[in-house]
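The values are calculated or read from the model by the stated rules, or taken from the named source; none is laboratory data. Keep in mind it's a predicted model, so treat the numbers as computed, not measured. Positions of Cβ are backbone-derived with ideal geometry, glycine not excepted, and every protein chain shown enters the neighbour counts.
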Amino acid sequence: MIIMAGLPPELVSKYAKQPDILGDKKRLTLTNSFKELERAKKVIPDGVYGMRGPAFFVPGEYPIYIDHGKNCHMWDIDGNEYIDFIASYGPTTLGFVEDSINDAVKERIDKGFSFSLPQIEQTTLAEKLCKIIPGAEKVVFARTGTDTTSIAIRIARAYTKKEIILTDGYHGWGEFSQYEPDAGIPEKIRKLTVRVPYGRADLYEENIKKGNVAAIMVTPIYHELMEKIYYDKKFLEDLRELSTKYDIPLIFDEVRSGFRTSLGGAAEYIGVTPDITCLSKAIANGYILGAVSGKTKLLQMVAKGGGTNGTYISSTFFLNSLEMVAANKTIAFYIENNVNDEINRKGEYFSQKIDEIIEKHHAPMINAGIPSMPSFLFDKKILGEELWAASTFTLFSYLIRSGIFMHPYHQSYIAYRHTKKDLDKALNALDKGIKVVKELHPWD
């Protein structure tokens, strides 16, 4: 059994099972989801593995399969409707089924999109990224966020001829990054990644002085699970200075923050420019695409198949044009509709109201997000592990029964297509849900 948020299995078993009626909300009908899961288990590990698996939510409360969506609403295979705040874990910055993007993709489908040679959409997209992303002089394309962070590390090691990566946290499931669980990753590989706390530039320099450091990789906006989302400009400026001083590439993992905090990502939002930027998720509104941008002297390491001093990066699907068409249309939509301003405006309203609701109930909670990535958490330090588990499971069970699709452990996302009505419905459910939690699990 997967134990989320470090909870022992007895607490998961005790509190995941919620009453049939919570306040004014009955348990959802999820018969088709549960039936399909049993079918899937016969041919797929756990039926659904990874972060989309039911063990990563509140088991028995959340749907397992989605049938369709539009804007920021989606419907499961039992017909239940939800306002989505997870955005496919970040990619759907606009919303589901964006017609202008899908129409362009369909046109490309009719012409073909998987050939032995690239199509010109690749160059068009690279030109756009070099104009938008701070520090971008060249671009290498990939498919996923883990692809991009792995490529960035490979490039840095090829450039420096060194091995150790200094990092602040999770950067995908690649061997250099995955740290819990770590089965299947050789110890000698794990030792090449040194975890250094976000905000401690002094410890980064201390490790650099030990030698053999190939790169510094950080999420410029810190967003580890179950922790407050924030950024420290002074810390990032200090890393920038260290990177220049020791000629070690500074890599920003902007897989989540890219195109969401601002068009130019967190680097533009905060005002600190890295040597390499890793992009994925929101680049194409849900279409599968990743990109690594950065200085020519670094990205040139993949030229000519790596040559004698570089490194070889290639994949059958990296240069398929379908996703690049989607990305070109998505970026154009961002610019034409001031998407980032709209997301931040809606997010600021949402965040302010969350503060008011927490204060109204005197709840032991933290408004842990930023406008574009809202998050609220019960404070485990105040409640203790058992009361925290009980409160969290009850609150998010109430939210999902209210048609609000948020994750118990992962931050939420504001999308362009969220309406004020959507936001207010979620806020109303949060207000009522906290009241239910307080009645069932008093914290006073």
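Before moving on, here are some points about what is shown:
- Candidate set from the stretch 252-285 (those that are under 17 Å from the mean Cα position of the chain (by Cα) and aliphatic (A, V, I, L, M)); member that is surrounded by the fewest Cβ atoms within 10 Å (Cβ to Cβ): L263
- Restricting T146, T124 to those that are under 20 Å from the mean Cα position of the chain (by Cα) and part of a helix (DSSP H, G or I) reduces the list to T146.
- Filter result (out of contact with any Ser or Thr (no Cβ under 7 Å at 6 or more places or on another chain) and aromatic (F, W, Y)) within the stretch 355-385: F376
- Extreme residue, surrounded by the fewest Cβ atoms within 10 Å (Cβ to Cβ), among residues of the stretch 69-118 that are of a type in the set (K, R) and not assigned by TED's automatic domain parsing to the domain that holds I414: K111
- Lone unmet requirement of (1) modelled with pLDDT of 95 or more; (2) more than 22 Å from K281 (Cα to Cα) for L125: (2)
- A residue that is charged (D, E, K, R) and within 20 Å of the chain's Cα centre (by Cα) occurs nowhere in the stretch 233-245.
- Of the residues making up the stretch 352-411, those that are under 20 Å from the mean Cα position of the chain (by Cα) and among the small types (G, A, S) number 4.
- Pairing each residue of the stretch 192-213 that is at positive phi with any residue that is acidic (D, E), provided the two are 6+ apart or on different chains, yields C-beta distances under 7 Å for G199/D232; N212/E163.
- Residue in the stretch 125-142 that is of a type in the set (A, V, I, L, M), surrounded by fewer than 12 Cβ atoms within 10 Å (Cβ to Cβ) and in the same structural domain as S315 (by TED's automatic domain parsing) present: no
- Restricting attention to the stretch 207-238, the residues that are touching a Gly at 6+ places or on another chain (Cβ under 8 Å), buried (at least 23 other Cβ atoms within 10 Å of the Cβ) and closer than 15 Å to P374 by Cβ total 0.
The rows are residues; the columns are (1) in contact (Cβ under 8 Å) with a residue 40 or more places away in the chain; (2) over 30 Å from R417 (Cβ atoms); (3) not in a helix (DSSP H, G or I).
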| position | (1), (2), (3) |
| --- | --- |
| E348 | no, no, no |
| I354 | yes, no, no |
| I358 | yes, no, no |
| L377 | yes, no, yes |
| G384 | no, yes, no |
| L387 | yes, yes, no |
| F393 | yes, no, no |
| F396 | yes, no, no |
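- Any chance Y416 is surrounded by fewer than 19 Cβ atoms within 10 Å (Cβ to Cβ) and within 22 Å of the chain's Cα centre (by Cα): no
- Of the residues T146, T124, the single one that is among the hydroxyl-bearing types (S, T, Y) and more than 27 Å from Y230 (Cα to Cα) is T124.
- Scanning the stretch 340-374 for residues that are under 24 Å from D444 (Cβ atoms) and among the polar types (S, T, N, Q) yields one hit, N367.
- For first residues located in the stretch 249-263 and on the phi > 0 side of the Ramachandran plot, partners that are buried (at least 24 other Cβ atoms within 10 Å of the Cβ) and assigned to a loop (DSSP other than H, G, I, E, B) and lie 6+ apart or on another chain with Cβ distances below 8 Å form the pairs F259/T93.
- Selection within the stretch 419-430 - surrounded by fewer than 16 Cβ atoms within 10 Å (Cβ to Cβ) and of a type in the set (D, E, K, R): K420, K421, D424, K425
- All positions within the stretch 318-346 that are of a type in the set (A, V, I, L, M) and either outside the structural domain of L125 (by TED's automatic domain parsing) or touching a residue at least 60 places away in the same chain (Cβ under 8 Å) (or both): L319, L322, M324, V325, A326, A327, I331, I335, V339, I343
- Unique residue being in the same structural domain as Y82 (by TED's automatic domain parsing), part of a loop (DSSP other than H, G, I, E, B) and touching a strand residue (DSSP E or B) at 6+ places or on another chain (Cβ under 7 Å) when the list is P45, P63, P59: P63
- Positions within the stretch 268-312 being assigned to a helix (DSSP H, G or I) and under 30 Å from D99 (Cα atoms), in sequence order: E268, Y269, K281, A282, I283
- Within the stretch 1-31, being surrounded by 12 or more Cβ atoms within 10 Å (Cβ to Cβ), among the hydrophobic types (A, V, I, L, M, F, W, C) and either modelled with pLDDT under 90 or in a loop (DSSP other than H, G, I, E, B) (or both) holds for I2, M4, A5, L7, L11, V12, A16, L28, L30.
- Candidate set from the stretch 378-407 (those that are out of contact with any helix residue (DSSP H, G or I) (no Cβ under 6 Å at 6 or more places or on another chain), modelled with pLDDT under 95 and under 20 Å from R52 (Cα atoms)); member that is surrounded by the most Cβ atoms within 10 Å (Cβ to Cβ): T392
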